[in-house]
Amino acid sequence: MTTQVSPKREVGYLSELLQQRPSLDVQAIGAETVAWLQEIRDRSTPIVRELAIPTTRDEEWRFTDLSSLLKVNFAAAKPTSPLPDISSLVLPEAAASRLVFVNGFYAPELSSVAGIPEGVFAGNLWANEIPRWRDYLAKLPGGQEVFSALNTASLTDAAVVWIPKNRSLEVPIHLLFVSTAGELPTVSQPRCLVVAESGSAVTVIEEYAVCPHPQPLSHRRGGQEYAAYLTNAVTEIWVGENAQVTHARMQREGEEAFHVGKTAIAQARHSRYTCCAVSLGAKVSRHNLEIFQTGEGTETILNALTKIAGEQLADTHSTIALNHPYGTARQVHKCIVGDRAHAVFNGKILVPKPAQLTDAGQLSRTLLLSPKARVDTKPQLEITADNVKCAHGATVSQLETDEIFYLQSRGLDADSARNLLINAFATEIVDRIPIASLRQTISQIVRSNPIS
Amino acid sequence: MMTEGSEVILSVRDLTAEVDGTPILKGMSLEIKAGEIHAIMGPNGSGKSTFSKVLAGHPAYEVTGGEVIFQGQNLLEMEPEERARSGVFLAFQYPLEIPGVSNLDFLRVAYNSRRKHQGLEELDAFDFDELIQEKLDVVKMDSAFLSRSVNEGFSGGEKKRNEILQMAILEPKLAILDETDSGLDIDALKIVANGVNQLANPENAMLVITHYQRLLNYIIPDRVHVMANGRIITSGTKELALELEARGYDWLLEAETAEVAV
Ligand SMILES: Nc1ncnc2c1ncn2[C@@H]1O[C@H](COP(=O)(O)OP(=O)(O)OP(=O)(O)O)[C@@H](O)[C@H]1O
Ligand SMILES: [Mg+2]
């Protein structure tokens, strides 16, 4: 295996990916929006041109080797016709508050916004409300990072959710990004913007899933059913003063997928952000979760569950950047790793001088199901404020013979015993998924594939 | 309750077993008939828990010789769960904590796997609830324990009572109680003993491992065995337990060494 990839090759690779961005169609999008999008693209394009796909020599990518990505040449994903069947992905709780994007393209036919009340906006970017979006889209810090910059430089559309001041939305909003893996490798770059104005409250489910291509493949190559695809997603969430955003992020990409996702959150004074991130799919996945505190007294709750097997690699890099006093942060990151899979977790919490009286806690727990399974976990607390309470812990465990035996001695067979214990490990996080039907689905997935 | 001619539940002959190459059981022999209660006593480290775990099928112990027949079946050939489903129950000396698994779910899964094995219909959550309320009374446990994770944060006594609750639900053919009385106050001891006595009947058998004669005031054994160095060195009636309480084990161990020396 050659890991030496010349920088030139990487640069070329990136600009080729950039070339796959959809063109901005004035007819469909409208001249004003096109001009605005072009402006945003133009700001990011030079950044992309300066950068390269990271290698394991980059500190932030030490354990996540993207060389297999470089072997694939991706073409732009296309909208499908007919549309795929998404019935298995529909959440009853959000049956009338769902935006669906297929291969990155908004699919109004599959979406349903009948349950979105007056004054709240949920729709795609082409709906033309640019003035109020201008200050938010592609405005969060961290946009210089290579995959975020690539996404922004390719910006074509976005799922937008806007909750006005003091409005508390009862129905959850489901943002569903479906990929229909096909015969050729494709790339799509979904984008979300969520703005919760001061005093508002909303629950958002952001989901990445694979759907069988509506047209059967004409031929199968070498036993491999679907080609690889790349999802490079960026989500920006603005949580206004005293507002509350509950966010579930489900990554259930297909087996052959590469998934890179950025979630950037700005938290104003006294706001509350709760995230439950579940990563199950993709061959290689990376989630960058970045919280920027913009006022005092914020509350940040990050829960995550990664369950991988086979040759999967799942990487989460999170940063909680505090900069004001009285913030609290609670993070629990759990990984279940089977076979030869590899989980990576890097959790930064930055507590500079101004962030006095911060109360932060981080816990990383990993369950390794096989001797070849691997985890690299690294807490990174950077604290310069002196009057703070910060704690972190990391555990790596295996299923204990004695625990399995105890269950067997009560009549459970070894597989059921293992599954019960795996499920028990996951429960803490699964229970915090804010939507009942989703909770059930995820718990079934966790329970159903016994990995050895 | 000893009756001639009643069915042999458990027959152990010359059983030897080791862990990581170290022999622990060195020729255990024992026979228990239906309707009988046997007690095993013996010093720390003599192999009592090892014996109970070998019977239950713990994978860490390797059986190197001898045989164990349970109701006519070769127990040693069965997986731990098959043994459980066929009616072998071990109340652990140190019951494990299983965070994230509710006690109620655990009990129902265990119960239904036994039912299924018996060719009976599995009970749904509703019917099981009724059964469990009745059994909770036996061990005087609050139903609040059902919604908690298995043994997590339970006190020592609560863990032991939870073991007896499991036993009461599973209604085993052979119940092995490994020091279920250790660390219990007198009230808890009575509750545990009461649970055992309610279960005991002419069709099943009990093997009670204990250090204390006190328990045997409440659970009257038919036979008392003394284990030392991996085997039974002497057996007797319940009076033997009283004698051990008064004199300790040394006189027996000395006699044993003297015998070996001869
Ligand atoms: N898994 C194991 N690994 C190593 N040694 C073991 C293991 N299990 C038991 N032993 C050893 O075997 C011997 C018998 O242990 P066992 O627990 O069966 O004794 P016991 O009679 O139950 O003692 P106690 O009265 O203290 O409960 C001890 O010397 C113990 O250290
Ligand atoms: Mg013992």
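So that you can scan it fast, the table gives a plain yes or no per residue for (1) open to solvent by 20 Å² or more (accessible area, probe 1.4 Å); (2) not β-branched (Val, Ile, Thr):
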residue: A:Ala75; (1), (2): yes, yes
residue: A:Leu99; (1), (2): no, yes
residue: A:Asn103; (1), (2): no, yes
residue: A:Val113; (1), (2): yes, no
residue: A:Phe121; (1), (2): yes, yes
residue: A:Asn128; (1), (2): yes, yes
residue: A:Ser148; (1), (2): no, yes
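Of all residues in region B:35-48, how many are within 9 Å of ligand 2 (Cβ to nearest atom) and surrounded by fewer than 19 Cβ atoms within 10 Å (Cβ to Cβ)?
2
Of the residues that sit in region A:367-387 and are part of a loop (DSSP other than H, G, I, E, B) and either open to solvent by less than 40 Å² (accessible area, probe 1.4 Å) or of a type in the set (D, E, K, R) (or both), which one is nearest to the other protein chains (Cβ to nearest Cβ)?
A:Leu369
Give just the number: which of (1) touching a strand residue (DSSP E or B) at 6+ places or on another chain (Cβ under 7 Å); (2) under 21 Å from B:Thr16 (Cα atoms) does B:Gly57 not satisfy?
Evaluating B:Gly57 over (1) touching a strand residue (DSSP E or B) at 6+ places or on another chain (Cβ under 7 Å); (2) under 21 Å from B:Thr16 (Cα atoms) leaves (1) as the failure.
Name the helices (runs of 4 or more DSSP H) wholly inside region B:154-223 in which the number of residues that are over 29 Å from B:Ser6 (Cα atoms) and more than 13 Å from the chain's Cα centre (by Cα) is 3 or more.
B:156-170, B:186-199
If I go through region B:56-66 residue by residue, how many of them are out of contact with any Phe, Trp or Tyr (no Cβ under 6 Å at 6 or more places or on another chain) and within 12 Å of ligand 1 (Cβ to nearest atom)?
Qualifying residue count for the region: 4.
Looking at this structure, is A:Val351 closer than 20 Å to A:Ala424 by Cβ and hydrophobic (A, V, I, L, M, F, W, C)?
no
Tell me yes or no: at least one residue of region B:148-163 is within 14 Å of chain A (Cβ to nearest Cβ), within 16 Å of ligand 2 (Cβ to nearest atom) and on the phi < 0 side of the Ramachandran plot.
So far as region B:148-163 goes, yes, one or more of its residues are within 14 Å of chain A (Cβ to nearest Cβ), within 16 Å of ligand 2 (Cβ to nearest atom) and on the phi < 0 side of the Ramachandran plot.
I'd like the full set of residues that are within 30 Å of B:Ala91 (Cβ to Cβ), open to solvent by 40 Å² or more (accessible area, probe 1.4 Å) and more than 7 Å from chain B (Cβ to nearest Cβ), limited to region A:388-403.
Those that are within 30 Å of B:Ala91 (Cβ to Cβ), open to solvent by 40 Å² or more (accessible area, probe 1.4 Å) and more than 7 Å from chain B (Cβ to nearest Cβ): A:Thr395, A:Gln398, A:Glu400.
Collect the residues in region B:98-134 that are open to solvent by 40 Å² or more (accessible area, probe 1.4 Å), within 8 Å of chain A (Cβ to nearest Cβ) and not in a helix (DSSP H, G or I), keeping them in residue-number order.
Once the filter is applied, which keeps residues that are open to solvent by 40 Å² or more (accessible area, probe 1.4 Å), within 8 Å of chain A (Cβ to nearest Cβ) and not in a helix (DSSP H, G or I), region B:98-134 yields only B:Pro99.
Considering each residue of region B:213-249, count those that are within 16 Å of ligand 2 (Cβ to nearest atom) and either modelled with pLDDT of 90 or more or within 14 Å of another protein chain (Cβ to nearest Cβ) (or both), and give that number.
9
Just checking, which of A:Pro84, A:Pro54 is touching a Cys at 6+ places or on another chain (Cβ under 7 Å), open to solvent by less than 30 Å² (accessible area, probe 1.4 Å) and either more than 30 Å from A:Ser168 (Cα to Cα) or not in a loop (DSSP other than H, G, I, E, B) (or both)?
Criteria check complete, one pass: A:Pro84.
Go through region A:68-81 and count every residue that is part of a helix (DSSP H, G or I) and under 21 Å from the mean Cα position of the chain (by Cα).
2
Mind listing just one residue for me: the one in region B:18-53 that is small (Gly, Ala, Ser) and under 12 Å from B:Asn229 (Cα atoms) and, of those, farthest from ligand 1 (Cβ to nearest atom)?
B:Gly27
Going through region A:404-440 one residue at a time, which ones are of a type in the set (A, V, I, L, M, F, W, C), more than 7 Å from chain B (Cβ to nearest Cβ) and not in a helix (DSSP H, G or I)?
Residues satisfying the conditions are A:Ile433, A:Ile435.
Check B:Pro95 against each of (1) within 13 Å of another protein chain (Cβ to nearest Cβ); (2) more than 16 Å from ligand 1 (Cβ to nearest atom); (3) in a loop (DSSP other than H, G, I, E, B) and name the one condition it does not meet.
Of the numbered conditions (1) within 13 Å of another protein chain (Cβ to nearest Cβ); (2) more than 16 Å from ligand 1 (Cβ to nearest atom); (3) in a loop (DSSP other than H, G, I, E, B), the odd one out for B:Pro95 is (2).
Before we move on, is B:Leu55 on the phi < 0 side of the Ramachandran plot and within 14 Å of ligand 2 (Cβ to nearest atom)?
yes
Taking the conditions exactly as written (more than 16 Å from ligand 1 (Cβ to nearest atom) and open to solvent by less than 60 Å² (accessible area, probe 1.4 Å)), does B:Val208 satisfy them or not?
no
The values are calculated or read from the model by the stated rules, or taken from the named source; none is laboratory data. Fair warning: this is a prediction, and the values are worked out from it, not measured in the lab. FYI the Cβ positions are ideal-geometry reconstructions off the backbone, even for glycines, and counts take in every protein chain you see. Note: areas computed on protein heavy atoms with side chains; ligands, DNA, RNA excluded. Shrake-Rupley method; radii C 1.70, N 1.55, O 1.52, S 1.80 Å.
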